[in-house]
């Protein structure tokens, strides 16, 4: 089950591994994605800290860690085909993190709450 | 009445916010002696009077002397076509060609410049230029910090001392440790370097030929840097790249250099421009503007500024740098200069510089009073050691009609008797022989 942040990342938790991507709303707002700067494996970030970077034809933006932890895998396909994100934002993961405190996951918004949140923007 | 958009109340609130009482306190950092005494300017002069004034000032310049000055800026031949083409009004555009539909000429010239720089350096990407060699070096250091996420830079002793000062200023407010290696000779101190290079180092900056004119093969050093994932930043006098191993051939990661020697005049140290080039994989860490080639909607070739998301007008505080300008006109001159020479012409020019300087060096080495400081081979300049001080030597050579070189006593400790002599393609055999004869007479 996906949960969302108010910075528009989504996360899915399996054990202590979180799969992370950007929401349909975020990708729609950014437009055509041209580049994703992926972190090194082993890079760590606290919840809310910048962990990756995304660039589109009209903007550039940080991707913030929805949960604190350490990067264990990155989606290398995005280096050559970042446009996959435009085709299927929430079906395309960006990175996976080993989460240090899984209870943080509960603080994120569920789909309904996130959807209501984007209505206010 | 001066136009200022702030009301008295605005000003009071702004001053209160930063904790000062009077506007004048903002200028406390500027010594009183350096401030304007008055802004009451004299009555204006007519065009004729201004012209006469300037003529008188210009007459104080001594342009009769034969120039052997180098150390970063060089006296090269500039073909007339460079002046003629670069002074065309179409190119005297004011500023950033962001509006591609109105700037195709300027953008194409910059694109050609970038292509030429890539050929010259054997690197894949470059930007539309920086301000000068020193600022290009500082931006190269910042690039290495961003790429490696490390915070230590090692600077070789052979790097231009003026660039070192610019590095210090530029990096002063970054959390970066800059290690300047000490000058012991014209060679790289490999022992010290080996002890400094480890996986905490972002980059090692070297210059080839170095400030003393000496050449060295950096291949092994570059390899050992890459073993610890540190970057190799190479600074070089662009003319030398016509004969020496290019940054690309050396597998250096970033090239930086000063573009004055490519068709720009020696005008009291400027104007010039900086060159910064790198490998494709680091393009997103390259600061400044980059011109790209694309097709418009009618499938016609078109030039645009590209990868702008790195820049401050989009990425704001996280931009790759706050450089949002370049030196268009100077790079245009370089583009025309390089195009006129062509690939073979450029290599010949470099060789001529090498041959001339080495002729003079050999002649001077035969004089018992002169010692050559350089142990390594040299490109187009070298350091002479004299039995008298720099100032004494230069004054007496000046009386004989020469700018005999750059004094090094103010740049290095214990260099009271050392002068950097530079020889370009402009110097004839007769001039060099007369130089040697004059040195003989003086010493």
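Where a number appears in this text, it was derived from the coordinates with a stated rule and is not lab data. Here the structure is a predicted model, which means the values were calculated and not measured. A quick note on method: Cβ atoms are made from the backbone with ideal geometry, for glycine too, and the neighbour counts reach across all protein chains shown.
Name the one entry in B:128, B:136 that is in contact with a strand residue (DSSP E or B) (Cβ under 7 Å, 6 or more places away or on another chain), touching a residue at least 40 places away in the same chain (Cβ under 8 Å) and not in a helix (DSSP H, G or I).
Working: B:136 fails: not in a helix (DSSP H, G or I).
Of the residues listed, the single one that is in contact with a strand residue (DSSP E or B) (Cβ under 7 Å, 6 or more places away or on another chain), touching a residue at least 40 places away in the same chain (Cβ under 8 Å) and not in a helix (DSSP H, G or I) is B:128.
From B:51, B:73, B:113, grab the single residue that is closer than 27 Å to residue B:267 by Cβ, touching a residue at least 24 places away in the same chain (Cβ under 8 Å) and assigned to a helix (DSSP H, G or I). So that I can check it myself, show each step before the final result.
Working: B:51 fails: touching a residue at least 24 places away in the same chain (Cβ under 8 Å); B:73 fails: assigned to a helix (DSSP H, G or I).
So the residue among B:51, B:73, B:113 that is closer than 27 Å to residue B:267 by Cβ, touching a residue at least 24 places away in the same chain (Cβ under 8 Å) and assigned to a helix (DSSP H, G or I) is B:113.
What residue, of B:358, B:295, B:326, is free of Cβ contacts under 8 Å to residues at least 12 places away in the same chain, away from chain A (no Cβ under 14 Å) and touching a strand residue (DSSP E or B) at 6+ places or on another chain (Cβ under 9 Å)? Spell out the reasoning first.
Working: B:358 fails: free of Cβ contacts under 8 Å to residues at least 12 places away in the same chain; B:326 fails: free of Cβ contacts under 8 Å to residues at least 12 places away in the same chain.
Of B:358, B:295, B:326, the one residue that is free of Cβ contacts under 8 Å to residues at least 12 places away in the same chain, away from chain A (no Cβ under 14 Å) and touching a strand residue (DSSP E or B) at 6+ places or on another chain (Cβ under 9 Å) is B:295.
How do the helices (runs of 4 or more DSSP H) wholly within the stretch A:1-109 filter down when requiring 1 or more residues that are within 14 Å of chain B (Cβ to nearest Cβ): which remain? So that I can check it myself, show each step before the final result.
Numbers: elements: A:24-30, A:77-80, A:84-87.
Qualifying helices (runs of 4 or more DSSP H): A:24-30, A:77-80.
Conditions tested, residue by residue: (1) away from chain A (no Cβ under 14 Å); (2) in contact with a strand residue (DSSP E or B) (Cβ under 7 Å, 6 or more places away or on another chain).
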position: B:147; (1), (2): no, yes
position: B:153; (1), (2): yes, yes
position: B:159; (1), (2): yes, yes
position: B:169; (1), (2): yes, no
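Select from the stretch B:54-70 the residues that are touching a residue at least 60 places away in the same chain (Cβ under 8 Å) and surrounded by 10 or more Cβ atoms within 10 Å (Cβ to Cβ) and write down the one among them that is farthest from residue B:380 (Cα to Cα). Walk me through it before giving the result.
Going residue by residue through the stretch B:54-70, those that are touching a residue at least 60 places away in the same chain (Cβ under 8 Å) are B:64-70.
Of the ones still in play, those that are also surrounded by 10 or more Cβ atoms within 10 Å (Cβ to Cβ) are B:65-70.
Numbers: B:65: 19, B:66: 16, B:67: 13, B:68: 10, B:69: 11, B:70: 9 Å.
Of everything passing the filter in the stretch B:54-70, B:65 is farthest from residue B:380 (Cα to Cα).
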